[in-house]
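Below is one structure, written out as structure tokens; comments come after it.
Derivation of every value follows stated rules applied to the coordinates shown; laboratory data play no part. Since this is a predicted model, take the numbers as computed values, not measurements. Backbone-built Cβ (ideal geometry, glycine too); neighbour counts: all protein chains shown.
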Amino acid sequence: MGQKANNRRVADNEAMAMAKYLKTSPQKLNLVADTIRGKDAGTALVDLEFNSRRVAQDVRKVLQSAVANAENNHGLDVDKLYVAEAYVGKSITMKRWRARARGRAAKIMKPFSRMTIVVRERDAEGKKAPAKKDAPKAQEAKKAPAKKAEAKTETAKKAPAKKAAAKKTAAKKTAAKKTTAKKTASKKTAAKKDTK
């Protein structure tokens with residue numbers, strides 16, 4: 001029986017690896033991810049090996065996992081791989097507190113991050129190849145601009161009617177303001193006469 005196989009989230013010439021709970025903030029992790037984006041997988045591994053930041057070793061493990069996935073699961077050539085994407089996101093945040101003066105407490109936020117690395121195989125000429133997606137998705141992407149154009153024309157037709165309705169409501173509001181202003185002015189003059 002068993003479970004159905006999940007659909008691939010990446011293209012045929014790509015492989016992915018992800019780490020969910022890295023003990024650092026996303027901002028610090030992104031600085032390390034910046035150093036490997038677009039580089040060959042081997043060069044990126046060497047750069048991470050000698051990077052002085054603590055989290056660089058965790059990023060190195062994620063990259064090694066992505067390379068291993070490419071080789072063993074998808075049959076890609078390891079020598080042609082490069083880091084196509086390396087992106088960072090937020091994970092959980094542990095909340096702790098610290099005692100401060102006069103019985104107060106100050107919060108301490110301990111952020112965790114998640115990281116995803118996608119490695120892609122270069123094409124035969126050594127150029128960075130685009131992701132090879134399925135053909136039906138490409139056809140849907142071509143149809144999408146036509147749908148957007150139709151939606152724009154429909155909204156353009158609706159826009160004059162909305163403007164006219166807005167003008168009517170604005171005119172009603174100004175008329176109501178004028179009548180209330182007249183009423184308050186007459187009340188004030190009446191009150192002045194009573195005090196005299």
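Can you say whether ALA33 is touching a residue at least 40 places away in the same chain (Cβ under 8 Å) and over 23 Å from THR93 (Cα atoms), as far as the supplied structure shows? When the stated conditions are applied, ALA33 does not pass them. Of the residues making up the range 17-43, those that are of a type in the set (S, T, N, Q) and surrounded by 14 or more Cβ atoms within 10 Å (Cβ to Cβ) number 4.
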